Amino acid sequence: MARPMNIACLQTRPRPDFESALEEALTLSEKAVGQGAELVALPEYCGGLKTEGAMFAPPAAPEEEHPVLKGLTEFAKAQKVWVIIGSVAVPGLGGKIRNRGFVVDSKGCIQGRYDKSHLFDIELSEAEIYRESALVSGGEKASVLDAPFARIGHTICYDLRFPGLYRNLAQAGAEILVVPAAFTKQTGQAHWHVLNRARAIENGAFVVAPCAIGLVEGGGESYGHSLVVNPWGEVLADGGKLPGVVQTTIDLDQVAIARRKIPSLTHDRPYDLVHEPKPHSA
């Protein structure tokens, strides 16, 4: 391997409060680093998650006071490891929150932030309805970050269904596309693997997708199956159905190789969308 990197996804459980969320995150982070991880990635709402009816109701705190953010940045510094904090809830405007992810370097410094853009407003059934936008304000910016080892594109969960975002990140040079999530069990069983594999294939990039696992206090269940997918769409690691560490070594040179073989990121062409008239009946 010319550019090897040991990557770990932490498959944590949705926790209703800061204390239990941080405890589980640190326990699994220590295990991952003990197994050689150079980059540790956590799921969406790894700072705590619960629901109230159709609404998300995660515990929130300002960045400078957020105990989970503080604990994980201190861990990154102490262990000299990069950490992707999938997301935590921070106060926004108008009484809402931001679902915000962070990239933390091996000195414990925040190098990148991303506010989830596409919000999870869906109706799976009369009994399973989600309205993330009732509490969360969507972000307005996409994010790429130059780390010493690779360029990273940061997305969150429901963003996965919007391939244009990933194409923009890849065309901006992203080699690793991170997809921290708390994907629901129902949608995960149907779509999680194929969507992550598709984003990797379309963009010739590694996809690193840590996903929470288990029941959410107040209602809902996260799917698990945290994934690492290579640029050819092959699943290198799958976290299955239990909490734990999902770990593998990747070769970042595979990105350039895949993009040379299929340079579709450079093949966009402009086109006009034409609405054809209805055919005349005889």
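The values are calculated or read from the model by the stated rules, or taken from the named source; none is laboratory data. Quick caveat: nothing in here was measured; it's all calculated off a predicted structure. Cβ: placed from backbone, ideal geometry, glycine included. Neighbour counts: every protein chain shown.
Filtered by the rule that a residue be surrounded by fewer than 20 Cβ atoms within 10 Å (Cβ to Cβ), assigned to a helix (DSSP H, G or I) and touching a Ser or Thr at 6+ places or on another chain (Cβ under 9 Å), the range 200-223 gives a lone residue, Glu202. Can we say Thr249 is of a type in the set (Ser, Thr, Tyr) and assigned to a strand (DSSP E or B)? Against the criterion (of a type in the set (Ser, Thr, Tyr) and assigned to a strand (DSSP E or B)), Thr249 qualifies.
Evaluation of Glu128 against the conditions (1) modelled with pLDDT of 95 or more; (2) crowded, with 16+ Cβ neighbours inside 10 Å; (3) more than 23 Å from Leu165 (Cα to Cα) shows that the sole unmet condition is (1). When the residues of the range 1-25 are filtered to those that are touching a helix residue (DSSP H, G or I) at 6+ places or on another chain (Cβ under 6 Å) and either of a type in the set (D, E, K, R) or surrounded by fewer than 24 Cβ atoms within 10 Å (Cβ to Cβ) (or both), the one that is modelled with the lowest pLDDT is Ala2.
Where strands (runs of 3 or more DSSP E) fall entirely within the range 1-97, those with at least 1 residues that are among the aromatic types (Phe, Trp, Tyr) and within 18 Å of the chain's Cα centre (by Cα) are at 82-91.
Could you say whether any residue in the range 104-118 is modelled with pLDDT of 95 or more, on the phi > 0 side of the Ramachandran plot, in contact with a Lys or Arg (Cβ under 9 Å, 6 or more places away or on another chain) and of a type outside the set (A, V, I, L, M, F, W, C)? Scanning the range 104-118 turns up at least one residue that is modelled with pLDDT of 95 or more, on the phi > 0 side of the Ramachandran plot, in contact with a Lys or Arg (Cβ under 9 Å, 6 or more places away or on another chain) and of a type outside the set (A, V, I, L, M, F, W, C). Looking at the range 241-282, which of the residues that are modelled with pLDDT of 95 or more and acidic (Asp, Glu) is farthest from Cys9 (Cα to Cα)? Ranking the candidates gives Asp272 first.
Taking the conditions exactly as written (surrounded by fewer than 17 Cβ atoms within 10 Å (Cβ to Cβ) and hydrophobic (A, V, I, L, M, F, W, C)), does Cys109 satisfy them or not? So Cys109 passes the test. Under the condition of being free of Cβ contacts under 8 Å to residues at least 12 places away in the same chain and of a type in the set (Ser, Thr, Tyr), the residues counted in the range 162-219 number 0.
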